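Shown next, in structure tokens, is the structure this report addresses.
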Amino acid sequence: MSTESQDQTWAIDGAPSARDIDEIDLNEFETGPIAKFVVAFAVGAVFFLVPVPWQGEITVPFDIVVSTITTSFPDAVGVYALAIIVAGGVLTTAAELDARNALSLDADLSYFESSVAFWALRVLGAVLAPVMFFKFGPDWLHTPATGGFMWGTLIYSVGVIIPIGAIFITIFVELGGLEFVGTLARPVMNPLFKLPGRAALDSLASWVGSYSVGLYVTRNVFDRGGYNKREVFIISTCFSTVSIGFVGVVAATLDMLALFPVIFLAYFVCVVICAAILVRVPPISTVPEEYIAEPDPEVPFVGSPPEYLRFALSEAVGKAKEGETFAQAAWRGFVDGLKLTSLILGTILAVGLAAVLLSAYTPTFDILGAPLVPVIELLGLPNAETVAPATIVGITEMYVPVLLIQDAAPMARFFIAVLAVSQLIFFSSVGPMTMDMFSDVPVRFRDLVTLFVMRTVILVPLIAGMTHLVAALGLL
């Protein structure tokens with residue numbers, strides 16, 4: 001091992017020797033923990049991914065629950081959305097004042113601390129929420145294509161999807177599902193993405209929870225010497241993915257939740273392909289392989305597929321044995337989901353409302369997207385004049401492309417549904433959070449913009465091909 005004392009970074013020489021199944025202390029396969037894991041895994045998989053018939057359509061239980069709540073109790077959902085957005089603005093303000101010693105509080109509000117920009121957006125959302133709920137102001141603010149859509153469709157959907165989804169996600173995570181899938185993913189992480197197997201856990205934390213959870217896990221492992229700078233850069237820019245719940249939000253917004261499994265599969269393929277390409281070229285490939293703490297590289301595991309399965313089951317059973325009960329996991333997930341909703345719903349309202357108003361009443365996005373119209377037409381996609389601007393404005397906020405495309409043809413909506421969630425890098429949240437959390441890597445603004453452009457160049461023809469395939473199968 002070599003040490004660079006000047007800037008307190010470390011590098012390692014060589015790789016640790018691999019271990020096989022006989023050199024690992026496996027957990028005992030007790031009936032109780034196995035049952036907890038199997039039930040939790042099945043519940044999570046069924047809720048999010050298993051298609052079922054419902055009112056003449058094929059959809060997923062996730063869609064059924066969300067749709068039932070938002071359509072059966074719209075007034076209650078409206079009051080809830082108003083309350084949680086205002087609470088987010090108030091709590092963020094209190095947290096920021098406390099952090100600046102302008103207000104002394106006994107409560108720990110560090111969860112709600114933010115940058116000045118996002119503080120302003122949450123407060124703006126808290127101001128706009130009563131306006132939208134009580135329909136104050138001019139009629140053009142509340143048309144079905146502008147404020148009516150933002151408030152009655154998107155805000156209602158997001159507000160319900162996150163806490164409901166968090167219940168089942170937390171059950172899945174806390175009772176062994178994360179360890180099971182993450183361990184099985186280890187053989188592909190290094191060959192495909194130049195990452196240690198443990199990075200599958202960070203990535204899956206984003207998939208089943210949120211990118212904020214995944215980034216938090218990555219930061220902790222980085223601080224302990226489990227990742228070097230290049231690995232952190234890869235994870236934060238290629239695997240800080242939109243969660244299953246957010247993919248559901250996008251699908252619901254575009255009236256395509258019945259196609260949720262197809263959209264999610266396409267999204268998964270896009271993330272994998274982009275990551276496999278981008279880790280091999282600048283700016284990612286030029287990041288140094290340095291550690292900021294004493295290196296603790298992962299000891300590789302080698303074995304046959306049955307041995308990997310045994311190892312994965314052992315990890316899952318160990319987690320299930322030490323984990324919470326179903327009720328505890330569900331309650332904690334619901335509370336965490338409410339907290340996350342209070343953070344983002346006001347920002348979504350502020351940014352999204354501005355986007356739909358710009359789209360409806362100005363030519364801003366048409367001008368920005370005009371150079372891409374011939375490209376979209378060449379790819380055989382409908383509504384090229386609408387799709388083109390939606391292709392590039394995702395760098396501001398993931399929801400903006402979705403909002404621009406809501407009235408387009410099914411093929412156009414499917415294309416943007418997959419593209420919007422696959423671009424990953426947007427500056428209403430992920431960009432600033434990544435730059436702030438990993439300033440010692442460093443993840444820089446210009447790198448994120450470059451990666452957004454590179455991802456878009458890869459994704460546009462790839463998703464166009466997927467869209468034509470899904471249409472050919474009669475699903476659009």
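Only one of 384, 388, 417, 412 is in contact with a Pro (Cβ under 7 Å, 6 or more places away or on another chain) and at pLDDT 90 or above. Can you tell me which?
None of the others qualify; the one that does is 412.
This table checks each residue for (1) closer than 25 Å to residue 221 by Cα; (2) aliphatic (A, V, I, L, M).
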{"position": "259", "(1), (2)": "no, yes"}
{"position": "270", "(1), (2)": "no, no"}
{"position": "274", "(1), (2)": "yes, no"}
{"position": "296", "(1), (2)": "yes, no"}
{"position": "313", "(1), (2)": "yes, yes"}
{"position": "319", "(1), (2)": "yes, no"}
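If you scan the stretch 267-320, which residues turn out to be open to solvent by 20 Å² or more (accessible area, probe 1.4 Å), of a type in the set (Ser, Thr, Tyr), part of a helix (DSSP H, G or I) and within 27 Å of residue 176 (Cα to Cα)?
308 - this is the single residue of the stretch 267-320 that is open to solvent by 20 Å² or more (accessible area, probe 1.4 Å), of a type in the set (Ser, Thr, Tyr), part of a helix (DSSP H, G or I) and within 27 Å of residue 176 (Cα to Cα).
Being surrounded by 14 or more Cβ atoms within 10 Å (Cβ to Cβ) and modelled with pLDDT under 80 narrows it down to one of 12, 58, 69, 85, so name that one.
12
Quick test for you: out of 454, 398, pick the one residue that is over 27 Å from residue 154 (Cβ atoms) and of a type outside the set (Lys, Arg).
Just one listed residue meets the conditions, 454.
For the stretch 380-393, state whether one or more residues are closer than 29 Å to residue 229 by Cβ and assigned to a loop (DSSP other than H, G, I, E, B). Let's see the steps before the verdict.
Step one: of the stretch 380-393, the residues closer than 29 Å to residue 229 by Cβ are none.
Looking for residues that are closer than 29 Å to residue 229 by Cβ and assigned to a loop (DSSP other than H, G, I, E, B), one finds none in the stretch 380-393, hence no.
Pairs, please: C-beta under 8 Å, at least 6 apart or cross-chain, first residue under 20 Å from residue 266 (Cα atoms) and in the stretch 31-54, second assigned to a loop (DSSP other than H, G, I, E, B) and among the hydrophobic types (A, V, I, L, M, F, W, C)?
What qualifies is 47/60; 48/60; 49/60; 50/60; 51/60; 52/60.
Name the pairs: first residue in the stretch 412-425 and under 14 Å from residue 457 (Cα atoms), second residue open to solvent by 10 Å² or more (accessible area, probe 1.4 Å) and among the hydroxyl-bearing types (Ser, Thr, Tyr), Cβ to Cβ under 7 Å, at least 6 apart or on different chains?
Every condition considered, the pairs that remain are 423/456.
Can you pull out the residues in the stretch 438-453 that are part of a helix (DSSP H, G or I) and surrounded by fewer than 18 Cβ atoms within 10 Å (Cβ to Cβ)? Show your work before the answer.
The first filter runs over the stretch 438-453 and keeps only residues part of a helix (DSSP H, G or I), leaving 445-453.
Passing the criteria: 445, 446, 449, 450, 453.
Does the stretch 56-64 contain at least one residue that is in a helix (DSSP H, G or I) and within 20 Å of residue 342 (Cα to Cα)?
Looking only at the stretch 56-64, we keep the residues that are in a helix (DSSP H, G or I), and these are 61-64.
Right, trim to within 20 Å of residue 342 (Cα to Cα) and you get none.
No - not one qualifying residue is present in the stretch 56-64.
For residue 341, state whether it is among the polar types (S, T, N, Q), modelled with pLDDT under 90, out of contact with any His (no Cβ under 6 Å at 6 or more places or on another chain) and crowded, with 24+ Cβ neighbours inside 10 Å.
Values: among the polar types (S, T, N, Q): yes; modelled with pLDDT under 90: yes; out of contact with any His (no Cβ under 6 Å at 6 or more places or on another chain): yes; crowded, with 24+ Cβ neighbours inside 10 Å: yes.
Spelling it out, residue 341 is indeed among the polar types (S, T, N, Q), modelled with pLDDT under 90, out of contact with any His (no Cβ under 6 Å at 6 or more places or on another chain) and crowded, with 24+ Cβ neighbours inside 10 Å.
Looking at this structure, is residue 365 assigned to a helix (DSSP H, G or I) and open to solvent by 40 Å² or more (accessible area, probe 1.4 Å)?
no
Give the residue, chosen from 402, 393, 387, that is under 16 Å from the mean Cα position of the chain (by Cα), β-branched (Val, Ile, Thr) and either within 29 Å of residue 218 (Cβ to Cβ) or crowded, with 24+ Cβ neighbours inside 10 Å (or both).
Numbers: 393 fails: under 16 Å from the mean Cα position of the chain (by Cα); 387 fails: under 16 Å from the mean Cα position of the chain (by Cα).
Only one candidate qualifies: 402.
Does the stretch 61-71 include one or more residues that are more than 25 Å from residue 344 (Cα to Cα) and in contact with a strand residue (DSSP E or B) (Cβ under 8 Å, 6 or more places away or on another chain)?
no
Residue 408 passes all but one of (1) surrounded by fewer than 23 Cβ atoms within 10 Å (Cβ to Cβ); (2) hydrophobic (A, V, I, L, M, F, W, C); (3) in contact with a helix residue (DSSP H, G or I) (Cβ under 6 Å, 6 or more places away or on another chain); (4) in a helix (DSSP H, G or I); which number fails?
Here residue 408 clears every test but (4).
How many residues are without any contact (Cβ under 8 Å) to a residue 40 or more places away in the chain and among the β-branched types (Val, Ile, Thr) when one looks only at the stretch 219-270?
Selection size over the stretch 219-270: 1.
Just name the residue that is most open to solvent (accessible area, probe 1.4 Å) out of those in the stretch 115-153 that are closer than 13 Å to residue 354 by Cβ and within 26 Å of the chain's Cα centre (by Cα).
124
Could you tell me which numbered condition residue 201 fails, if it satisfies all but one of (1) modelled with pLDDT of 80 or more; (2) closer than 29 Å to residue 32 by Cα?
Residue 201 satisfies all of (1) modelled with pLDDT of 80 or more; (2) closer than 29 Å to residue 32 by Cα except (1).
The values are calculated or read from the model by the stated rules, or taken from the named source; none is laboratory data. Every value quoted in this text rests on a predicted model; they were computed, and no experiment measured them. All Cβ positions, glycine included, derive from the backbone under ideal geometry; neighbour counts span all protein chains shown. When the accessible area is computed, the model is the full protein with side chains, heavy atoms only, and any ligands, DNA or RNA have been set aside. Shrake-Rupley method; radii C 1.70, N 1.55, O 1.52, S 1.80 Å.
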